[in-house]
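Taking it in order: structure first as structure tokens, then the write-up.
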Amino acid sequence: MRRSFTALTFAATVLLVAASPALAGPHDGGEGWYGLTTDKVVTNFGFALIAFFPLFVFTMSMIQYGLDKRKDRRKKAAKARSSAAHWAGGW
């Protein structure tokens with residue numbers, strides 16, 4: 001327990017120390033990798049986030065619904081196979 005705590009503390013410290021030099025570029029007047037960040041850019045990004053999360057939740061829910069239906073079909077088929085008379089015997 002103590003070893004993992006020490007390792008996590010060390011990793012967090014290294015990440016915090018290395019984060020600012022890694023993300024700092026040359027002095028470019030506040031322009032990031034996207035370009036100049038204006039209010040319109042930030043607002044549009046916020047709207048994109050508002051649209052993304054409901055779509056993501058809906059998509060993941062539909063995938064889970066499909067997987068649950070598949071699981072139910074497989075369970076039903078396994079139950080039907082186990083209750084069939086010609087499978088009940090042995091040799």
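Please treat every number below as a calculation from the coordinates, not as lab data. Keep in mind the model is a prediction, meaning the values are calculated, not measured. Cβ sites come from the backbone with ideal geometry, for glycine too, and all protein chains shown count toward neighbours.
Taking a Cβ cut-off of under 12 Å around R81, the surrounding Lys, Arg, Asp and Glu residues balance to a net charge of +4, with basic ones at +1 and acidic ones at -1.
Remark: the range 37-77 carries a charge dipole of roughly 580 debye about the Cα centre, counting +1 on each Lys and Arg Cβ and -1 on each Asp and Glu Cβ.
Label positions at K76 and L16, each projected 7 Å from the Cα along the C-beta direction, are separated by 5.6 nm. In a fully extended conformation the segment linking A48 and W33 would gain 3.6 nm over its present Cα-Cα distance, using 0.36 nm per residue.
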